[in-house]
Every structure is written in structure tokens, then in C-alpha cells.
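Everything below concerns the one structure shown next.
The values are calculated or read from the model by the stated rules, or taken from the named source; none is laboratory data. As the structure is a prediction and not an experimental result, all values here were calculated from the model. Don't worry about glycine lacking a Cβ; one is built from the backbone with ideal geometry, like all the others, and counts go over all protein chains shown.
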Amino acid sequence: MSAGRYAPSPTGDLHVGNLRTAMLAWLYARSTGRRFLMRMEDLDDNACRELGTGQLADLAALGIDWDGDVVYQSERLDRYDHHIDRMVQAELTYPCYCSRREVREAASAPHGDPMPDGAYPGTCRSLSADQRRAREDAGRAPALRLRAQVDAMDFVDDQCGLTRAAVDDFVIRRRDGVPAYNLVVVVDDAEMGIDQVVRGDDLLHSTPRHLHLADLLGFDHASYAHVPLAVNAEGVRLAKRDGAVTLTELAEKGLDANRMRSLMAASLGLAGPDEPLTMADLLGRFDPRRLPRDPWVFTDPNR
Ligand code: GLU
């Protein structure tokens with residue numbers, strides 16, 4: 001059965017921008033008769049289960065429900081190893097000894113297609129065995145990179161339309177041994193039966209990476225809808241420093257989850273800012289063709 005999902009990283013309370021993306025993912029899934037699954041992306045260095053529990057409580061307070069048990073990435077390491085091994089066996093990977101700084105400095109080379117975050121120019125792609133040994137002897141632990149078989153890929157995004165971006169040799173296992181986001185997101189979406197991905201548009205240009213990896217692993221493509229993020233008054237992506245931005249902080253200022261649901265719905269053009277309504281009400285009004293395409297400027301309404 002087909003499914004959508006929300007996949008937060010439990011590194012702190014969700015802010016209104018994250019919660020609004022979750023609302024959209026839920027609306028997309030439920031309005032198309034899909035199941036809605038929850039996945040905790042808890043492989044991040046700062047992730048912790050307790051924070052995930054708070055996030056789930058906030059989602060529930062808004063009326064966002066999900067099917068089945070929450071999936072924790074930290075319990076799926078054997079699945080990631082399995083698929084990484086398949087790629088290694090197929091000679092589709094290579095070790096990379098570059099530091100973050102080296103990647104940043106090398107990546108500024110011009111390229112026709114939009115580049116995903118942290119795009120890699122392939123510095124370590126054709127190192128000889130001797131060169132590899134020299135780097136290992138110098139004590140550099142390698143990350144594992146995909147040997148990408150294409151330069152770029154395009155796809156039709158449900159919100160952004162035809163989108164093309166470069167596919168680089170991205171990391172699939174970090175130098176500390178942890179499988180990388182760009183690998184686990186593909187494995188999880190496929191193995192959880194996700195065929196509809198709704199997420200923030202900061203990942204729009206990473207999607208060709210995911211589609212290419214899905215091709216190499218023999219997985220079907222999901223459909224994608226990348227939605228605008230929330231920003232502060234200066235147009236910068238919303239963050240903790242922007243004052244009251246989580247449900248807990250906003251409740252302390254007198255804006256409870258019901259009020260916030262209305263405000264978020266208003267920002268999506270689905271309600272008046274003070275109109276009381278449930279997620280089920282929103283479902284009746286949801287039309288993905290009429291969502292705003294600009295970022296949501298959020299300033300604490302009580303400030
Ligand atoms: N954990 C990622 C985030 O919070 C999820 C990205 C995705 O939905 O693929 O941005």
C-alpha cells in the first residue's frame with residue numbers, strides 16, 4: 001500500500017516551519033488515500049530519543065496522526081550496511097580522504113546545473129592504490145563515496161515543476177562509519193514503501209542524487225513535492241534564535257496548538273488566522289495546486 005511520511009531529525013523541538021511541512025506531508029498523504037508513516041532520523045550526532053518524543057507529542061497536539069510504529073534509523077543499521085555492501089561489491093564506491101574544508105574549496109568550480117549542498121568534484125575518484133595507502137598511512141580515515149554514473153538528472157516536482165540538478169559523488173558512509181543521510185533516506189523510503197515524499201525545498205537539488213541512487217539499488221522512484229520553508233523577518237531560514245518558534249515557547253505566550261494550527265493553515269491559504277479548525281477540516285480544503293510558492297515569513301505574532 002502506498003504511503004507518505006514525515007522524517008524529522010530529533011535534535012531539538014520542531015519549530016513552526018518544520019511543523020508546517022509535517023502538516024503538508026500529512027495533507028498530501030491523507031488527501032490521496034495514503035498511509036502516513038513517521039521516521040526518526042536519529043543518526044545525527046546531536047539526535048536523541050527524548051527529543052523525538054517531544055516532537056511526536058507536538059505533532060499529535062496539532063492533530064497529525066500516523067500509521068504503525070515510529071521507525072528509528074538507529075535500529076536499521078544492518079539494512080544500511082547491506083545496501084552499502086551491495087554498492088561496494090558492484091564497484092560503485094570509492095574511499096575519499098578529503099576534509100570538509102578541502103571539499104568546500106574544491107567545489108567552487110563552475111558547473112551548468114544547480115549543485116546540491118556540499119557537491120564534490122571527484123578529487124579522490126581515481127586515486128591509485130599507492131596514493132590511497134599514503135593517505136591511510138597519514139592516519140586519514142576515509143569516507144565512502146558513490147561513484148555516480150550520471151552527471152545530472154531531472155525530475156518533475158509536484159510543487160516546483162521540472163527540476164534538474166547535478167549528481168555528484170556524494171558520501172554514502174561518513175568517515176566516522178555512520179551511514180550518510182543521502183543513503184539512508186533512499187533505503188528507508190524504499191523499504192518503508194514510501195511513494196510520496198513531501199519535504200522542505202532546501203532538499204530540492206539533492207533529489208536527483210536520491211533518484212540516481214534508487215536506480216542503482218533497483219528501487220522505484222517516489223513522487224516528490226518540495227515545499228517552501230519558514231523564514232524570519234530578514235528572509236533567513238527560521239531558527240531557534242528567532243524567539244518563540246516551538247509549540248512550547250508559543251504556548252507560553254498564549255498561542256496554544258489550536259491557535260498555531262490556524263495560523264499555519266492561514267499561511268497555506270486554507271483558513272483565516274483566527275478560524276478554529278481541525279486537521280480533518282483542512283483535509284476538505286486542501287488543494288496542492290493552490291499552495292503558496294514563497295517562503296512563509298514567521299514572526300512571533302505576540303511580539
Ligand atoms: N531529517 C530531514 C530533515 O529534517 C528529513 C529530510 C527528508 O524528509 O528527506 O530535514
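Here Gly33 clears all of (1) at pLDDT 95 or above; (2) on the phi > 0 side of the Ramachandran plot; (3) within 16 Å of the ligand (Cβ to nearest atom) except the condition numbered (3). Within the set Asp242, Asp294, Asp281, Asp287, the sole residue that is farther than 23 Å from Gly200 by Cβ and of a type in the set (D, E, K, R) turns out to be Asp281. Can you tell me which residue within the stretch 179-220, out of those that are assigned to a loop (DSSP other than H, G, I, E, B) and within 14 Å of the ligand (Cβ to nearest atom), is surrounded by the most Cβ atoms within 10 Å (Cβ to Cβ)? Looking at the filtered set, the residue picked out is Ala180. Here is the figure for the stretch 89-124: residues that are surrounded by fewer than 14 Cβ atoms within 10 Å (Cβ to Cβ) and either on the phi > 0 side of the Ramachandran plot or at pLDDT 95 or above (or both) total 3. Annotation for the stretch 161-175: at least one member residue is in a loop (DSSP other than H, G, I, E, B), within 16 Å of the ligand (Cβ to nearest atom) and not aliphatic (A, V, I, L, M). Does Asp67 count as more than 16 Å from the ligand (Cβ to nearest atom) and under 15 Å from Met192 (Cβ atoms)? When the stated conditions are applied, Asp67 passes them. Just one of (1) farther than 22 Å from Ala230 by Cβ; (2) in a helix (DSSP H, G or I); (3) among the small types (Gly, Ala, Ser) fails for Ala148. It is (2). Considering only residues in the stretch 230-251 that are touching a helix residue (DSSP H, G or I) at 6+ places or on another chain (Cβ under 6 Å) and small (Gly, Ala, Ser), the one that is nearest to Ala61 (Cα to Cα) turns out to be Ala244. Taking the numbered list (1) in a helix (DSSP H, G or I); (2) more than 12 Å from Gly17 (Cα to Cα) in turn, Met260 passes all entries but (2). Residues in the stretch 239-257 that are touching a Ser or Thr at 6+ places or on another chain (Cβ under 9 Å) and surrounded by fewer than 17 Cβ atoms within 10 Å (Cβ to Cβ) were compared, and the one that is nearest to Met153 (Cα to Cα) is Lys240. Does the stretch 226-247 include one or more residues that are among the charged types (D, E, K, R), touching a Gly at 6+ places or on another chain (Cβ under 9 Å) and within 22 Å of Asn18 (Cβ to Cβ)? For the stretch 226-247, residues among the charged types (D, E, K, R), touching a Gly at 6+ places or on another chain (Cβ under 9 Å) and within 22 Å of Asn18 (Cβ to Cβ): present. Among the residues of the stretch 47-106, those that are among the basic types (Lys, Arg) and over 30 Å from Ala129 (Cα atoms) comprise Arg49, Arg76. Annotation note: Cβ proximity below 9 Å between a residue of the stretch 192-218 that is acidic (Asp, Glu) and a residue that is within 10 Å of the ligand (Cβ to nearest atom) and in a helix (DSSP H, G or I) (sequence gap 6+ or interchain) occurs for Asp195/Asp189. Looking across the stretch 226-238, the residues that are buried (at least 20 other Cβ atoms within 10 Å of the Cβ) and either within 12 Å of the ligand (Cβ to nearest atom) or within 26 Å of Asp85 (Cβ to Cβ) (or both) come down to His226, Val227.
For every residue, the table says whether it meets (1) outside any helix (DSSP H, G or I); (2) among the aromatic types (Phe, Trp, Tyr); (3) more than 20 Å from Glu41 (Cα to Cα).
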{"position": "Ser74", "(1), (2), (3)": "no, no, no"}
{"position": "Arg86", "(1), (2), (3)": "no, no, yes"}
{"position": "Cys98", "(1), (2), (3)": "yes, no, yes"}
{"position": "Glu102", "(1), (2), (3)": "no, no, yes"}
{"position": "Pro114", "(1), (2), (3)": "yes, no, yes"}
{"position": "Asp117", "(1), (2), (3)": "yes, no, no"}
{"position": "Gly122", "(1), (2), (3)": "yes, no, yes"}
{"position": "Ser126", "(1), (2), (3)": "yes, no, yes"}
